[in-house]
1. Would you mind stating whether Ser77 is in a loop (DSSP other than H, G, I, E, B), touching a helix residue (DSSP H, G or I) at 6+ places or on another chain (Cβ under 9 Å), open to solvent by 10 Å² or more (accessible area, probe 1.4 Å) and of a type in the set (Ser, Thr, Tyr)?
2. Check Gln178 against each of (1) farther than 21 Å from Lys46 by Cα; (2) open to solvent by less than 30 Å² (accessible area, probe 1.4 Å); (3) out of contact with any Ser or Thr (no Cβ under 6 Å at 6 or more places or on another chain) and name the one condition it does not meet.
3. Could you tell me which residue of the stretch 594-616 is least open to solvent (accessible area, probe 1.4 Å), considering only residues that are under 23 Å from Phe655 (Cβ atoms) and without any contact (Cβ under 8 Å) to a residue 12 or more places away in the chain?
4. For the stretch 153-162, which residues satisfy the criterion of being in contact (Cβ under 8 Å) with a residue 40 or more places away in the chain and either surrounded by 23 or more Cβ atoms within 10 Å (Cβ to Cβ) or charged (D, E, K, R) (or both)?
5. Only residues in the stretch 199-217 that are in contact (Cβ under 8 Å) with a residue 12 or more places away in the chain and part of a strand (DSSP E or B) count as the first member; pair them with residues that are among the basic types (Lys, Arg) and open to solvent by 100 Å² or more (accessible area, probe 1.4 Å), Cβ under 6 angstrom, at least 6 apart or cross-chain, and list the lot.
6. Which condition number does Gln695 fail, the rest of (1) open to solvent by 10 Å² or more (accessible area, probe 1.4 Å); (2) under 19 Å from Val646 (Cβ atoms); (3) touching a residue at least 12 places away in the same chain (Cβ under 8 Å) being met?
7. Mind listing just one residue for me: the one in the stretch 666-690 that is part of a strand (DSSP E or B) and open to solvent by 10 Å² or more (accessible area, probe 1.4 Å) and, of those, farthest from Phe623 (Cα to Cα)?
8. Go through the stretch 754-805 and give me each residue that's charged (D, E, K, R) and under 17 Å from Ser568 (Cβ atoms).
Amino acid sequence: MKNILQGLIKRDVTHVYFLSLLICATLISCNQNEIIIREFGDWTPKMGGCGGVFFNAQKGPLIIEIEKDDLRDDARSRILRAVFVGPDREVIGDFNSADADNDDKIIRFETDVYRPGIYAVMVTVSNDRYGENITWRFRTNCKKFIIETSRGHKDSHHKEPIVLLDPEKETDLCFLPQRGEFDILITGLPDNQKVIELIDANNQNIASIRVNDGTAVYNIVEGERQATPWRLHFPQAQAKVEIEGVTEWDDHYLSDYFTVYPGGAFWTPSLENWFNFHENRWLLTPYSHTLISQANIPQSAVFTLHNNGTAPRKVKLDLEFPHKKWNVQLSEKETSLGPNQTKSVTLSWKGAKKNQSVHLRATCDGFTTYATLNVKVQQSDTPATLTFPIVLKPYFHEHEQFGYSPDYPTTNQPYFNIHNEPFILSDKSLFSYQSGKWNETDVGELRSSIAAFDSDNNVYLLGRDSNETVLLHSTDNGHTFKSYVIPGSLLLPGSLGVSYDIEQFTGHNMSDGPPPIMKYRRVGADKEHFWRRWGNVELLIPKKTDQGIEWEEPIFISDKCIGVSSHSGLPSSVVSRDDKIFVVWGEVTDVQISREEIPGVPVFVAMYDKKSKSLSAPVRVGFGPPPNDTHNIPGITIDSHGYLHVLTGTHGRPFQYARSLRPMSIDGGWTEAESLLDKNTPHSTQTYLGLVTDQENTLHTIFRFWQHNVEPFPDTHYATLAYMSKKQGEPWSEPRILVQAPLSHYSNFRHRLTIDRKGRLFISYDYWSTYWFYRNDRKYSGRVLLMSSDGGKNWSLTTNDDFQE
């Protein structure tokens, strides 16, 4: 009977529907599991935006159909992509509307659920990352599901309005109300709509919200909410719905009291579809763990339990074997978690001799799902050679592809002291590798991911103490620190923010005292030109005295500076050698000046002489196009001969490169700024530079590099992480793609390039997608560290052994 059913499923949707009506309660034996045939539900209302759906799937067939309609009749391709994943986020279907083999272009997914858990589908649309020009809807035989409306990011306050675009259909919009006072704003209602009813889960009317000119507004006072979820009833499903604490979140609504479950615009079209997803989100992560087996050596994998709810809960744990049982052990069978508490649970085993898998099931208050551990046997003693580029796929990154699970911290990029010992920062800790082991020092809240050193091998960090920024100083290799307040670090009235950059090692720079600091205080933002922001930049020079660290008077540099790069690239804005400090910065310009006259952000360098305590006049060395864009942060490095090298930052344009004609000098002339990319190369784009110089005086840079209308996204664009180098006396190399994004449209890699005292290159990166659904579902960090020991020719995943050389 199962084979007959599967044949009907493959041939005709209508047959499946009527067949499921007839035998919806029939049990069919399949292996050792019972498969239950269930009735197809109705189509949801058509909706705008992108996002996805979470399905609380029980044993039996799971069938989902998705239909997309275009709102605009133009030549632009808008292909809906639907990625279906299991509870452990294994991709079990990746389809798009262009390949649907039916006249209606309906995407159809089906699978047999042998183990209940939270399945999901992620929806994106090419050339429409906000889902503004399409509608989509779905139907399924799974009774319990939660829709998350979300989109690609915008550089503004985060909002995810729920958009209904199906006026021929009646629907509810069920949501979980927040405890604090909140507003409901509904716009775009049909002209004949006069009232929107707000009803609780007991079908009691909370309010009849009057509609005026297609708009309904209602305020909910603070208080405990009874009979949830609530629902808004729409006789016609045409509206844009904004609910504070549900479709938008700010600092007020992210407090523990006001918003119980921030970060997701979750809703269902019927109370019958609702299930308790909110308090169970991220119950068990990572969704999967892949490790390389080490013969006869005890190994373990750590999973994290999380109580996303507001009350204490008990979680039961169990192991399920998809194949033959093996010798893996579970650290505990049951545990208790307080509200918003996390706890680790460990699976341990000894050297698997063949590939093995096990599912770790977590059950809590009737909710159940699972994660998966995969143990893979390496076929030889030599690690597999990486093939570049690393092609990321949805939910299948370096960890899943290569078993990348390092035993060193990956919270940030490594920096190396003069003995070549690595230091890595987290939000509040310093990790250092000394005497054959990693040590952790609690240093309090940090303001930068950079660890800096001086010629005495002292360690310097930028931290925060209450509302002030401090310089943390260690004379014992990072075991203990003293804190020194940075002058003028308090946020002043009218200031839009203060940021800092501290000198980092880029290959040949070395401070003869504490590293200099660049302080940026933003004072202006152009409302008409979003990326035109500026402020004051000062050079701060700490010095060692008998009293510890004291400060020279701040040296004013510019009042038009565009700022510093922090999340991606993180190039150095300051390098020093002996008593000379060299700084680089970009400036805003008058928007009325033509781009022929000022083609980009003008980039300046200056030198400060610590002996004479004098600052040179600034020298312009190039432009970083386009003008007035805070993305265009330049970087500076110095080679072994003292020549200065500058890359102008750009935003989707080729970097510009210039070199000083005299060593240790900025006023002896500079080479004419040259593009790193061939002007004839289509869509030549670079953003977020990293820059270092190796022992052979070869320059190395990494950056985000857009690709347009090529596979695997031929109808749109996608991001890659790319690398270039320039040997002394030679031109720049061609871009080499190292990592390819798994999703189209906007991405960045939060990348940083560092170099150790031996000249080895390290690239730390963490893929970041524009799509909120994907970022939010993959809550845990996926930062990766690549290393090259041969000047960028070959790259590998860094191992702990690499830090012992």
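The values are calculated or read from the model by the stated rules, or taken from the named source; none is laboratory data. Keep in mind the model is a prediction, meaning the values are calculated, not measured. In this analysis, Cβ positions are derived from the backbone assuming ideal geometry, glycine residues included, and neighbour counts consider all displayed protein chains. Accessible surface areas use protein heavy atoms only, side chains included; no ligands, DNA or RNA. Shrake-Rupley method; radii C 1.70, N 1.55, O 1.52, S 1.80 Å.
1. Working: in a loop (DSSP other than H, G, I, E, B): yes; touching a helix residue (DSSP H, G or I) at 6+ places or on another chain (Cβ under 9 Å): yes; open to solvent by 10 Å² or more (accessible area, probe 1.4 Å): yes; of a type in the set (Ser, Thr, Tyr): yes.
Spelling it out, Ser77 is indeed in a loop (DSSP other than H, G, I, E, B), touching a helix residue (DSSP H, G or I) at 6+ places or on another chain (Cβ under 9 Å), open to solvent by 10 Å² or more (accessible area, probe 1.4 Å) and of a type in the set (Ser, Thr, Tyr).
2. Of (1) farther than 21 Å from Lys46 by Cα; (2) open to solvent by less than 30 Å² (accessible area, probe 1.4 Å); (3) out of contact with any Ser or Thr (no Cβ under 6 Å at 6 or more places or on another chain), only one is false for Gln178: (3).
3. Here is the first cut: in the stretch 594-616, the residues under 23 Å from Phe655 (Cβ atoms) are 594-607.
From the residues that got through so far, the ones that are without any contact (Cβ under 8 Å) to a residue 12 or more places away in the chain too are 594, 596-597.
Values: Ser594: 52, Glu596: 160, Glu597: 125 Å².
So, considering only residues that are under 23 Å from Phe655 (Cβ atoms) and without any contact (Cβ under 8 Å) to a residue 12 or more places away in the chain, the one least open to solvent (accessible area, probe 1.4 Å) is Ser594.
4. Initial filter on the stretch 153-162 (in contact (Cβ under 8 Å) with a residue 40 or more places away in the chain): 153, 155, 157-162.
Matches in the stretch 153-162: Asp155, Lys159, Glu160, Ile162.
5. Sorted first by the residue in the stretch 199-217, then by its partner, the pairs are Val211/Lys194.
6. So Gln695 meets the others, but not (2).
7. Here is the first cut: in the stretch 666-690, the residues part of a strand (DSSP E or B) are 670, 674-675, 686-690.
Checking the rest, the ones that are also open to solvent by 10 Å² or more (accessible area, probe 1.4 Å) come to 670, 674-675, 688.
On the way: Trp670: 13, Glu674: 10, Ser675: 10, Tyr688: 15 Å.
Across the stretch 666-690, the extreme among qualifying residues is Tyr688.
8. Scanning the stretch 754-805 gives Asp766, Arg775, Arg783.
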